[in-house]
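Working notes for the structure below.
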Amino acid sequence: MVEIGSSGEAQSWMEGIGKRLRQGWIVIAVATLLATVALLAHVSTGLVLASWILLFFAVLTLPGADSRPVELPTVALSETPAPPSPIDLGSMFEAIDMPVILLGADGNILHINNAASKAFGDLVRGQHLSARLRSPGILDMVRETMRTNLPNQIEHSERLPSERVYIARIAPIPAIEALPGRLYALSFRDVSDLRSLDRMRSDFVANASHELRTPLASLRGFIETLQGPAKGDAAAHERFLSIMLDQATRMSRLVDDLLSLSRLEVKSHIAPDKRLDLVPLVRHVCDTLAPLAEDLGVEMRLEIPDGNVEVTGDRDELVQVIENLVENACKYGQDGKIIDVYLRRDENERVEFGVIDRGPGIPAEHVPRLTERFYRVSVADSRSKKGTGLGLAIVKHILTRHRARLIVRSELGKGTEFTVRF
(Lines give C-alpha, C1' and ligand atoms only; values in the text may rest on other atoms or scores of the structure.)
Protein backbone atom coordinates (compact mmCIF):
# COMPACT_ATOMS: atom_id res chain seq x y z
CA MET A 1 0.00 0.00 0.00
CA VAL A 2 1.37 3.38 -0.99
CA GLU A 3 0.73 6.43 1.14
CA ILE A 4 0.12 9.68 -0.62
CA GLY A 5 0.78 12.75 1.43
CA SER A 6 -1.51 15.12 -0.47
CA SER A 7 -3.72 15.34 -3.51
CA GLY A 8 -1.04 17.26 -5.40
CA GLU A 9 1.45 14.49 -4.81
CA ALA A 10 -1.15 11.85 -5.82
CA GLN A 11 -1.82 13.71 -9.03
CA SER A 12 1.87 13.99 -9.77
CA TRP A 13 2.29 10.28 -9.09
CA MET A 14 -0.55 9.37 -11.42
CA GLU A 15 0.87 11.60 -14.15
CA GLY A 16 4.26 9.86 -13.81
CA ILE A 17 2.64 6.44 -14.28
CA GLY A 18 0.75 7.70 -17.29
CA LYS A 19 3.92 8.99 -18.89
CA ARG A 20 5.66 5.68 -18.33
CA LEU A 21 2.71 3.80 -19.84
CA ARG A 22 2.70 6.07 -22.89
CA GLN A 23 6.47 5.57 -23.31
CA GLY A 24 6.15 1.76 -23.02
CA TRP A 25 2.89 1.18 -24.95
CA ILE A 26 4.72 -0.40 -27.87
CA VAL A 27 6.46 -2.84 -25.57
CA ILE A 28 3.15 -3.67 -23.79
CA ALA A 29 1.35 -4.10 -27.11
CA VAL A 30 4.03 -6.46 -28.42
CA ALA A 31 4.03 -8.37 -25.15
CA THR A 32 0.19 -8.70 -25.28
CA LEU A 33 0.40 -9.97 -28.84
CA LEU A 34 3.02 -12.55 -27.85
CA ALA A 35 0.93 -13.60 -24.87
CA THR A 36 -2.11 -14.16 -27.14
CA VAL A 37 -0.03 -16.27 -29.52
CA ALA A 38 1.30 -18.24 -26.57
CA LEU A 39 -2.23 -18.94 -25.28
CA LEU A 40 -3.33 -20.10 -28.76
CA ALA A 41 -0.30 -22.39 -28.78
CA HIS A 42 -1.60 -23.93 -25.56
CA VAL A 43 1.24 -22.54 -23.39
CA SER A 44 0.51 -22.52 -19.69
CA THR A 45 -1.89 -19.68 -18.90
CA GLY A 46 -0.18 -18.96 -15.56
CA LEU A 47 3.25 -18.68 -17.14
CA VAL A 48 2.02 -16.32 -19.86
CA LEU A 49 0.17 -14.15 -17.35
CA ALA A 50 3.16 -13.97 -14.99
CA SER A 51 5.47 -12.94 -17.85
CA TRP A 52 3.06 -10.26 -19.02
CA ILE A 53 2.74 -8.80 -15.45
CA LEU A 54 6.56 -8.68 -14.99
CA LEU A 55 6.92 -6.86 -18.31
CA PHE A 56 4.15 -4.40 -17.30
CA PHE A 57 5.90 -3.49 -14.04
CA ALA A 58 9.23 -3.17 -15.87
CA VAL A 59 7.64 -0.52 -18.07
CA LEU A 60 6.41 1.33 -14.97
CA THR A 61 9.98 1.56 -13.61
CA LEU A 62 11.36 3.27 -16.80
CA PRO A 63 12.61 6.87 -16.13
CA GLY A 64 10.24 9.63 -17.19
CA ALA A 65 10.93 12.10 -19.91
CA ASP A 66 11.35 14.78 -17.31
CA SER A 67 13.81 12.85 -15.25
CA ARG A 68 16.60 15.03 -14.14
CA PRO A 69 19.98 14.34 -15.77
CA VAL A 70 22.79 13.07 -13.60
CA GLU A 71 24.71 16.00 -12.29
CA LEU A 72 28.46 15.70 -12.80
CA PRO A 73 30.72 16.99 -10.06
CA THR A 74 32.09 20.39 -10.84
CA VAL A 75 35.82 21.13 -10.58
CA ALA A 76 36.68 24.49 -9.19
CA LEU A 77 39.20 26.25 -11.43
CA SER A 78 41.47 28.89 -10.01
CA GLU A 79 40.92 32.21 -11.65
CA THR A 80 44.62 33.21 -11.24
CA PRO A 81 47.24 30.80 -12.74
CA ALA A 82 50.04 29.52 -10.50
CA PRO A 83 53.26 31.52 -10.84
CA PRO A 84 55.94 29.85 -13.04
CA SER A 85 58.71 28.02 -11.26
CA PRO A 86 61.94 30.02 -11.24
CA ILE A 87 64.52 29.12 -13.90
CA ASP A 88 68.02 28.62 -12.46
CA LEU A 89 70.35 29.28 -15.41
CA GLY A 90 73.35 28.81 -13.13
CA SER A 91 72.47 25.17 -12.48
CA MET A 92 71.87 24.64 -16.18
CA PHE A 93 75.34 26.00 -17.05
CA GLU A 94 76.97 23.59 -14.56
CA ALA A 95 75.96 20.74 -16.87
CA ILE A 96 78.08 22.22 -19.69
CA ASP A 97 81.70 21.03 -19.81
CA MET A 98 83.02 24.21 -21.47
CA PRO A 99 83.63 27.48 -19.58
CA VAL A 100 80.50 29.64 -19.52
CA ILE A 101 80.07 33.07 -17.89
CA LEU A 102 76.61 34.61 -17.47
CA LEU A 103 76.64 38.40 -17.89
CA GLY A 104 74.06 41.06 -17.15
CA ALA A 105 73.25 44.01 -19.38
CA ASP A 106 75.86 46.09 -17.53
CA GLY A 107 78.65 43.58 -18.20
CA ASN A 108 78.78 42.36 -14.60
CA ILE A 109 79.32 38.67 -13.89
CA LEU A 110 76.15 36.95 -12.64
CA HIS A 111 77.32 33.34 -12.67
CA ILE A 112 80.42 31.28 -13.46
CA ASN A 113 80.26 27.52 -13.99
CA ASN A 114 82.91 25.14 -12.65
CA ALA A 115 84.65 24.81 -16.02
CA ALA A 116 85.15 28.60 -16.17
CA SER A 117 86.54 28.67 -12.61
CA LYS A 118 89.07 25.96 -13.50
CA ALA A 119 90.11 27.71 -16.72
CA PHE A 120 90.32 31.33 -15.51
CA GLY A 121 90.62 31.08 -11.74
CA ASP A 122 88.17 32.42 -9.19
CA LEU A 123 85.96 34.98 -10.94
CA VAL A 124 84.02 37.17 -8.50
CA ARG A 125 80.29 37.46 -9.05
CA GLY A 126 79.10 41.03 -9.24
CA GLN A 127 82.40 42.29 -10.67
CA HIS A 128 82.67 43.64 -14.18
CA LEU A 129 84.07 41.20 -16.73
CA SER A 130 87.07 43.48 -17.36
CA ALA A 131 88.28 42.94 -13.77
CA ARG A 132 89.50 39.45 -14.77
CA LEU A 133 89.53 39.18 -18.58
CA ARG A 134 91.50 42.18 -19.80
CA SER A 135 91.65 41.09 -23.43
CA PRO A 136 90.65 44.09 -25.59
CA GLY A 137 89.25 41.71 -28.19
CA ILE A 138 86.85 40.03 -25.74
CA LEU A 139 85.72 43.31 -24.20
CA ASP A 140 85.10 44.87 -27.62
CA MET A 141 83.17 41.78 -28.69
CA VAL A 142 80.99 41.94 -25.55
CA ARG A 143 80.23 45.63 -26.07
CA GLU A 144 79.34 45.05 -29.71
CA THR A 145 76.91 42.24 -28.84
CA MET A 146 75.26 44.31 -26.11
CA ARG A 147 74.82 47.16 -28.58
CA THR A 148 73.48 45.12 -31.51
CA ASN A 149 72.01 42.11 -29.63
CA LEU A 150 73.71 39.81 -32.18
CA PRO A 151 76.11 36.90 -31.44
CA ASN A 152 79.86 37.37 -31.93
CA GLN A 153 82.99 35.26 -31.57
CA ILE A 154 86.77 35.69 -31.66
CA GLU A 155 89.88 33.59 -31.01
CA HIS A 156 91.39 34.19 -27.58
CA SER A 157 94.67 32.92 -26.06
CA GLU A 158 95.55 32.39 -22.39
CA ARG A 159 99.23 32.23 -21.39
CA LEU A 160 98.99 31.05 -17.77
CA PRO A 161 99.13 28.51 -16.21
CA SER A 162 99.72 27.00 -19.66
CA GLU A 163 99.13 28.26 -23.16
CA ARG A 164 95.54 27.59 -24.27
CA VAL A 165 93.58 28.80 -27.29
CA TYR A 166 89.80 29.35 -27.10
CA ILE A 167 87.02 30.36 -29.45
CA ALA A 168 85.24 32.93 -27.28
CA ARG A 169 81.58 33.40 -28.22
CA ILE A 170 78.93 35.65 -26.72
CA ALA A 171 75.22 35.45 -27.50
CA PRO A 172 72.13 37.08 -26.00
CA ILE A 173 69.79 34.79 -24.06
CA PRO A 174 66.19 34.97 -25.39
CA ALA A 175 63.80 36.82 -23.08
CA ILE A 176 62.42 34.64 -20.29
CA GLU A 177 59.44 35.86 -18.28
CA ALA A 178 60.86 34.54 -15.02
CA LEU A 179 64.19 36.33 -15.63
CA PRO A 180 63.82 40.08 -16.01
CA GLY A 181 66.47 42.07 -17.85
CA ARG A 182 68.79 41.22 -20.72
CA LEU A 183 71.28 38.38 -20.15
CA TYR A 184 74.26 37.19 -22.18
CA ALA A 185 76.16 33.88 -22.23
CA LEU A 186 79.93 34.14 -22.81
CA SER A 187 81.33 30.69 -23.65
CA PHE A 188 84.86 29.47 -24.40
CA ARG A 189 85.49 26.47 -26.67
CA ASP A 190 89.00 25.02 -26.20
CA VAL A 191 90.71 24.53 -29.58
CA SER A 192 94.25 24.27 -28.18
CA ASP A 193 94.68 20.69 -29.36
CA LEU A 194 93.60 21.58 -32.88
CA ARG A 195 95.96 24.55 -33.03
CA SER A 196 98.76 22.46 -31.52
CA LEU A 197 98.26 19.75 -34.12
CA ASP A 198 98.33 22.34 -36.91
CA ARG A 199 101.49 23.88 -35.51
CA MET A 200 103.18 20.51 -35.02
CA ARG A 201 102.30 19.48 -38.54
CA SER A 202 103.80 22.62 -40.04
CA ASP A 203 106.86 22.45 -37.76
CA PHE A 204 107.43 18.84 -38.66
CA VAL A 205 107.34 19.60 -42.35
CA ALA A 206 109.67 22.60 -41.99
CA ASN A 207 112.16 21.30 -39.41
CA ALA A 208 112.10 17.55 -39.91
CA SER A 209 112.54 17.85 -43.66
CA HIS A 210 115.55 20.09 -43.06
CA GLU A 211 117.07 17.75 -40.47
CA LEU A 212 116.44 14.61 -42.52
CA ARG A 213 117.81 16.04 -45.75
CA THR A 214 121.49 15.57 -44.85
CA PRO A 215 121.39 11.92 -43.66
CA LEU A 216 119.10 10.96 -46.54
CA ALA A 217 121.49 12.56 -49.03
CA SER A 218 124.38 10.68 -47.40
CA LEU A 219 122.54 7.35 -47.56
CA ARG A 220 121.62 7.89 -51.17
CA GLY A 221 125.21 8.81 -52.12
CA PHE A 222 126.69 5.78 -50.37
CA ILE A 223 124.13 3.42 -51.89
CA GLU A 224 124.88 4.74 -55.38
CA THR A 225 128.62 4.34 -54.71
CA LEU A 226 128.17 0.76 -53.51
CA GLN A 227 126.11 -0.03 -56.60
CA GLY A 228 128.65 1.61 -58.90
CA PRO A 229 132.39 2.27 -58.44
CA ALA A 230 132.69 0.37 -55.12
CA LYS A 231 130.56 -2.57 -56.16
CA GLY A 232 133.30 -5.13 -55.68
CA ASP A 233 135.38 -3.31 -53.02
CA ALA A 234 134.99 -5.20 -49.72
CA ALA A 235 136.90 -2.57 -47.70
CA ALA A 236 134.70 0.24 -49.07
CA HIS A 237 131.62 -1.82 -48.27
CA GLU A 238 132.67 -2.11 -44.64
CA ARG A 239 133.44 1.59 -44.26
CA PHE A 240 130.36 2.87 -46.11
CA LEU A 241 127.94 0.53 -44.32
CA SER A 242 129.22 1.79 -40.96
CA ILE A 243 128.57 5.40 -42.01
CA MET A 244 125.14 4.48 -43.36
CA LEU A 245 124.25 2.85 -40.04
CA ASP A 246 125.23 6.03 -38.19
CA GLN A 247 123.05 8.15 -40.48
CA ALA A 248 120.08 5.79 -40.14
CA THR A 249 120.48 5.81 -36.36
CA ARG A 250 120.52 9.60 -36.41
CA MET A 251 117.25 9.69 -38.36
CA SER A 252 115.73 7.20 -35.94
CA ARG A 253 116.69 9.36 -32.95
CA LEU A 254 115.23 12.40 -34.65
CA VAL A 255 111.90 10.69 -35.35
CA ASP A 256 111.74 9.34 -31.77
CA ASP A 257 112.35 12.81 -30.34
CA LEU A 258 109.73 14.36 -32.61
CA LEU A 259 107.13 11.79 -31.57
CA SER A 260 108.01 12.30 -27.91
CA LEU A 261 107.69 16.07 -28.29
CA SER A 262 104.32 15.72 -30.03
CA ARG A 263 102.93 13.57 -27.23
CA LEU A 264 104.11 16.05 -24.62
CA GLU A 265 102.58 19.04 -26.40
CA VAL A 266 99.18 17.36 -26.60
CA LYS A 267 98.98 16.86 -22.80
CA SER A 268 101.08 19.81 -21.61
CA HIS A 269 98.07 21.41 -19.87
CA ILE A 270 97.31 18.30 -17.76
CA ALA A 271 99.36 18.40 -14.56
CA PRO A 272 100.46 15.07 -12.99
CA ASP A 273 98.85 14.11 -9.71
CA LYS A 274 101.13 11.37 -8.28
CA ARG A 275 103.82 11.82 -5.63
CA LEU A 276 107.22 10.24 -6.18
CA ASP A 277 110.69 10.28 -4.66
CA LEU A 278 113.41 11.89 -6.82
CA VAL A 279 116.35 10.29 -4.97
CA PRO A 280 116.15 6.84 -6.64
CA LEU A 281 115.43 8.48 -10.02
CA VAL A 282 118.61 10.57 -9.90
CA ARG A 283 120.69 7.60 -8.74
CA HIS A 284 119.26 5.40 -11.52
CA VAL A 285 120.03 7.94 -14.26
CA CYS A 286 123.56 8.59 -13.00
CA ASP A 287 124.28 4.85 -12.84
CA THR A 288 122.94 4.45 -16.38
CA LEU A 289 125.10 7.29 -17.78
CA ALA A 290 128.26 6.37 -15.84
CA PRO A 291 129.70 4.38 -18.81
CA LEU A 292 129.16 7.37 -21.13
CA ALA A 293 130.91 9.71 -18.67
CA GLU A 294 133.78 7.29 -18.37
CA ASP A 295 134.16 7.04 -22.16
CA LEU A 296 134.23 10.85 -22.39
CA GLY A 297 136.74 11.14 -19.55
CA VAL A 298 134.30 12.98 -17.28
CA GLU A 299 134.07 12.54 -13.50
CA MET A 300 130.47 12.60 -12.24
CA ARG A 301 130.04 13.84 -8.65
CA LEU A 302 126.69 13.21 -7.00
CA GLU A 303 125.23 15.20 -4.09
CA ILE A 304 121.98 13.74 -2.75
CA PRO A 305 120.45 14.31 0.72
CA ASP A 306 119.51 11.50 3.09
CA GLY A 307 115.85 10.52 3.15
CA ASN A 308 113.15 11.17 0.59
CA VAL A 309 112.75 14.17 -1.68
CA GLU A 310 109.21 13.97 -2.99
CA VAL A 311 107.53 15.95 -5.76
CA THR A 312 104.34 15.59 -7.77
CA GLY A 313 105.19 14.25 -11.20
CA ASP A 314 105.34 11.54 -13.82
CA ARG A 315 108.22 9.11 -13.28
CA ASP A 316 109.09 8.38 -16.93
CA GLU A 317 109.00 12.06 -17.91
CA LEU A 318 111.19 13.17 -14.99
CA VAL A 319 113.68 10.42 -15.82
CA GLN A 320 113.79 11.88 -19.34
CA VAL A 321 114.50 15.37 -17.93
CA ILE A 322 117.30 14.17 -15.64
CA GLU A 323 118.80 12.04 -18.40
CA ASN A 324 118.78 14.89 -20.94
CA LEU A 325 120.47 17.37 -18.61
CA VAL A 326 123.13 14.95 -17.31
CA GLU A 327 123.91 13.62 -20.81
CA ASN A 328 124.22 17.16 -22.22
CA ALA A 329 126.60 18.10 -19.39
CA CYS A 330 128.76 15.07 -20.14
CA LYS A 331 128.86 15.73 -23.88
CA TYR A 332 129.14 19.52 -24.05
CA GLY A 333 131.07 20.07 -20.79
CA GLN A 334 133.58 17.31 -21.17
CA ASP A 335 136.44 19.80 -21.51
CA GLY A 336 136.04 20.61 -17.81
CA LYS A 337 136.40 16.91 -16.89
CA ILE A 338 134.01 17.24 -13.91
CA ILE A 339 130.25 17.59 -13.63
CA ASP A 340 128.27 17.99 -10.41
CA VAL A 341 124.75 16.54 -10.07
CA TYR A 342 122.79 17.65 -7.00
CA LEU A 343 119.35 17.30 -5.44
CA ARG A 344 118.39 19.58 -2.54
CA ARG A 345 115.86 21.96 -1.02
CA ASP A 346 116.42 25.70 -1.14
CA GLU A 347 115.82 28.18 1.69
CA ASN A 348 112.09 28.19 0.86
CA GLU A 349 111.87 24.37 1.00
CA ARG A 350 111.46 24.14 -2.77
CA VAL A 351 112.98 21.07 -4.41
CA GLU A 352 115.85 21.73 -6.81
CA PHE A 353 117.66 19.39 -9.17
CA GLY A 354 120.73 20.74 -10.92
CA VAL A 355 123.68 19.84 -13.16
CA ILE A 356 126.88 21.91 -13.28
CA ASP A 357 129.59 21.48 -15.91
CA ARG A 358 132.90 23.26 -16.32
CA GLY A 359 132.87 23.45 -20.09
CA PRO A 360 133.22 26.44 -22.43
CA GLY A 361 129.92 28.04 -21.40
CA ILE A 362 127.09 29.45 -23.51
CA PRO A 363 127.05 33.02 -24.90
CA ALA A 364 124.34 35.12 -23.23
CA GLU A 365 122.46 35.80 -26.49
CA HIS A 366 121.88 32.07 -26.99
CA VAL A 367 120.54 31.24 -23.50
CA PRO A 368 116.90 32.43 -24.03
CA ARG A 369 116.56 30.29 -27.16
CA LEU A 370 118.04 27.04 -25.86
CA THR A 371 114.64 25.36 -25.43
CA GLU A 372 113.47 26.10 -28.97
CA ARG A 373 113.09 23.11 -31.24
CA PHE A 374 116.12 22.42 -33.43
CA TYR A 375 117.98 25.40 -31.96
CA ARG A 376 121.71 24.79 -31.56
CA VAL A 377 124.48 27.02 -30.25
CA SER A 378 126.87 25.22 -32.59
CA VAL A 379 125.34 23.10 -35.33
CA ALA A 380 128.56 21.29 -36.13
CA ASP A 381 129.31 20.56 -32.47
CA SER A 382 125.78 19.29 -31.89
CA ARG A 383 125.80 16.98 -34.88
CA SER A 384 129.24 15.64 -34.07
CA LYS A 385 127.87 14.65 -30.64
CA LYS A 386 124.79 13.05 -32.25
CA GLY A 387 122.34 15.62 -30.94
CA THR A 388 118.95 16.19 -32.54
CA GLY A 389 118.36 19.75 -31.29
CA LEU A 390 115.18 18.61 -29.51
CA GLY A 391 116.45 17.55 -26.08
CA LEU A 392 115.95 20.85 -24.24
CA ALA A 393 112.64 21.45 -26.03
CA ILE A 394 111.44 18.14 -24.59
CA VAL A 395 112.73 19.17 -21.14
CA LYS A 396 110.84 22.48 -21.35
CA HIS A 397 107.53 20.82 -22.28
CA ILE A 398 107.84 18.23 -19.51
CA LEU A 399 108.57 20.92 -16.92
CA THR A 400 105.69 23.06 -18.19
CA ARG A 401 103.36 20.13 -17.58
CA HIS A 402 104.86 19.68 -14.10
CA ARG A 403 104.50 23.42 -13.34
CA ALA A 404 108.27 23.56 -12.76
CA ARG A 405 110.93 26.00 -13.96
CA LEU A 406 114.20 25.54 -15.85
CA ILE A 407 116.87 28.07 -14.84
CA VAL A 408 120.05 28.39 -16.93
CA ARG A 409 123.16 30.18 -15.68
CA SER A 410 126.23 30.25 -17.87
CA GLU A 411 129.51 32.12 -18.06
CA LEU A 412 131.92 31.86 -20.95
CA GLY A 413 135.02 29.91 -20.04
CA LYS A 414 133.62 28.78 -16.67
CA GLY A 415 130.76 26.45 -17.45
CA THR A 416 126.99 26.17 -17.28
CA GLU A 417 124.46 25.28 -14.61
CA PHE A 418 120.99 23.93 -15.39
CA THR A 419 118.57 23.98 -12.45
CA VAL A 420 115.08 22.50 -12.30
CA ARG A 421 112.98 24.08 -9.55
CA PHE A 422 109.72 22.38 -8.54
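What the table shows:
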{"item": "Only one of L254, L264, L258, L226 that is crowded, with 16+ Cβ neighbours inside 10 Å and within 28 Å of R350 (Cβ to Cβ)", "result": "L264"}
{"item": "Sole exception among (1) part of a helix (DSSP H, G or I); (2) among the hydrophobic types (A, V, I, L, M, F, W, C); (3) closer than 30 Å to M98 by Cα; (4) open to solvent by 30 Å² or more (accessible area, probe 1.4 Å) for I270, by number", "result": "(1)"}
{"item": "Number of the condition not met by D335 [criteria: (1) within 26 Å of S252 (Cβ to Cβ); (2) open to solvent by 50 Å² or more (accessible area, probe 1.4 Å); (3) in a helix (DSSP H, G or I); (4) in contact (Cβ under 8 Å) with a residue 12 or more places away in the chain]", "result": "(1)"}
{"item": "Inter-residue pairs, beta-carbon under 7 Å, first closer than 12 Å to T416 by Cβ and in the stretch 359-373, second β-branched (V, I, T), 6+ apart", "result": "G359/T416; G361/T416; I362/V377; I362/T416; H366/V377; V367/V408; L370/V408"}
{"item": "Residue tally, condition open to solvent by 40 Å² or more (accessible area, probe 1.4 Å) and at pLDDT below 75, over the stretch 150-177", "result": "5"}
{"item": "Residue match in the stretch 148-171 (condition: on the phi < 0 side of the Ramachandran plot, in a loop (DSSP other than H, G, I, E, B), without any contact (Cβ under 8 Å) to a residue 24 or more places away in the chain and touching a Leu at 6+ places or on another chain (Cβ under 7 Å))", "result": "no"}
{"item": "In the stretch 106-144, the residues that are at pLDDT 85 or above, touching a strand residue (DSSP E or B) at 6+ places or on another chain (Cβ under 8 Å) and of a type in the set (A, V, I, L, M)", "result": "I109, L110, I112, A115, A116, L129, I138, M141, V142"}
{"item": "Cross-chain or 6+ apart pairs with Cβ under 7 Å, the stretch 93-104 first and at pLDDT below 85 and part of a loop (DSSP other than H, G, I, E, B), then surrounded by 21 or more Cβ atoms within 10 Å (Cβ to Cβ) and of a type outside the set (F, W, Y)", "result": "I96/N113"}
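A quick yes/no check of all residues on (1) of a type in the set (F, W, Y); (2) in contact with a strand residue (DSSP E or B) (Cβ under 6 Å, 6 or more places away or on another chain); (3) within 20 Å of H402 (Cβ to Cβ); (4) not in a loop (DSSP other than H, G, I, E, B):
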{"position": "L292", "(1), (2), (3), (4)": "no, no, no, yes"}
{"position": "M300", "(1), (2), (3), (4)": "no, yes, no, yes"}
{"position": "N308", "(1), (2), (3), (4)": "no, yes, yes, no"}
{"position": "L318", "(1), (2), (3), (4)": "no, no, yes, yes"}
{"position": "I322", "(1), (2), (3), (4)": "no, no, yes, yes"}
{"position": "N328", "(1), (2), (3), (4)": "no, no, yes, yes"}
{"position": "L343", "(1), (2), (3), (4)": "no, yes, yes, yes"}
{"position": "E347", "(1), (2), (3), (4)": "no, no, no, no"}
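The values are calculated or read from the model by the stated rules, or taken from the named source; none is laboratory data. These numbers were taken from a predicted model, which means no experiment stands behind them. Because the Cβ atoms are built from the backbone with ideal geometry, glycine has one as well, and the counts that use them run over all protein chains shown. The area values use the complete protein model at the heavy-atom level, side chains included, leaving out ligands, DNA and RNA. Shrake-Rupley method; radii C 1.70, N 1.55, O 1.52, S 1.80 Å.
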